[in-house]
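The structure appears right after this line, and notes come after that.
Each value in this text was obtained by applying a stated rule to the coordinates, not by laboratory testing. Note that the coordinates shown come from a computational prediction; the quantities given were computed from them, not determined experimentally. Heads up, the Cβs are rebuilt from the backbone with ideal geometry, glycines too, and the neighbour counts pull from every protein chain shown.
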There are 2 protein chains.
Amino acid sequence: MDTKFSSAIHTLILISESAKPLTSEEIAASVGTNASYIRKLISMLNKKDIIESHRGVSGYTLKPKAEGLTLLQIYQAVNETETPRIFDIHQNPSDECIVGRHIKPVLTDMFTEIEDTFSRALAEKTLADCISLMRKRL
Amino acid sequence: MDTKFSSAIHTLILISESAKPLTSEEIAASVGTNASYIRKLISMLNKKDIIESHRGVSGYTLKPKAEGLTLLQIYQAVNETETPRIFDIHQNPSDECIVGRHIKPVLTDMFTEIEDTFSRALAEKTLADCISLMRKRL
């Protein structure tokens, strides 16, 4: 587990809610990390058309509306994968045992089904839902 | 990610399907690991009443029926947690920023909801479902 996903949501809330474009230094101060880490996240989000930078203007803005930006899209961007994976499978089961011979495809099928449920749960939540939860606390 | 969970499912399929009690050496040969790793898994499964060893007899047997043993119970046992967690939250957001001040409880609420969906998906699958998927491949 790492904190790229939570740091990216924090970054996107800041960018979405700020009246003016924010620099990576300003974002890093709020997230509690360094600006180069934020620029790395921003580069991944940028690659997926989630944020954009403007020629001649410092700072970033959100490209889609917060209502249309799902947590799945953010997760995919910062983990650089289309298919979120939660489970790992042991790599050296014995081919000489009937269970060992079939365990990988069996667990792959089983785990993929559960990971699909996880992806759907991520796709049902948006950045706007996070912002709305935050407003309720203010 | 580690492979304790997949190795535990492999171990439990072997124990459930074997005509005779299996030793940790026999299980390790099929899983493709060493016997001490298997004994560590078995100790965690034993603590949660998933398998039992018999006094004076070498080897282990399954305690509940495979139909009644959910993947959630196996996951909880080998991860030594009641509440499966998928996400981590960055630990040093700034208290001086309104977003930084509220990000932790907001993300905790959001992530807990998604992790609950994941737990329910794990609770809907049983060891018997894994065994049935394996039989279909034989």
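The table below lists the values:
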read-out	value
Quotient of C-alpha Rg and 2.2 N^0.38 Å, computed over chain B	1.32
Radius 12 Å from Cβ of residue B:138, net charge of other residues (Lys, Arg +1; Asp, Glu -1)	+3
Separation of alpha-carbon centers, region A:98-138 and region A:18-58, rounded to whole Å	27
Across the identical copies, how the residue B:84 labels are spaced - nm, sorted shortest first, 7 Å along Cα→Cβ	1.2
Unsatisfied cross-links (Cα-Cα over 26 Å) in the set B:48/B:136; A:125/B:48; B:47/B:136; A:65/B:125; B:40/B:125; B:48/B:104	B:48/B:136; A:125/B:48; B:47/B:136; A:65/B:125; B:48/B:104
Sparse-neighbour loop sites [GluC sites (Glu not before Pro); region A:20-129; at most 16 other C-beta within 10 Å; DSSP]	A:80, A:82, A:96, A:124
Candidates B:23, B:11, B:108, ranked by Gaussian network fluctuation over chain B, Cα under 10 Å, top entry	B:108
Global geometry of the protein assembly as shown, whether rounded, prolate or oblate, following the gyration tensor of its Cα atoms and the 1.5 cut on a/c	prolate
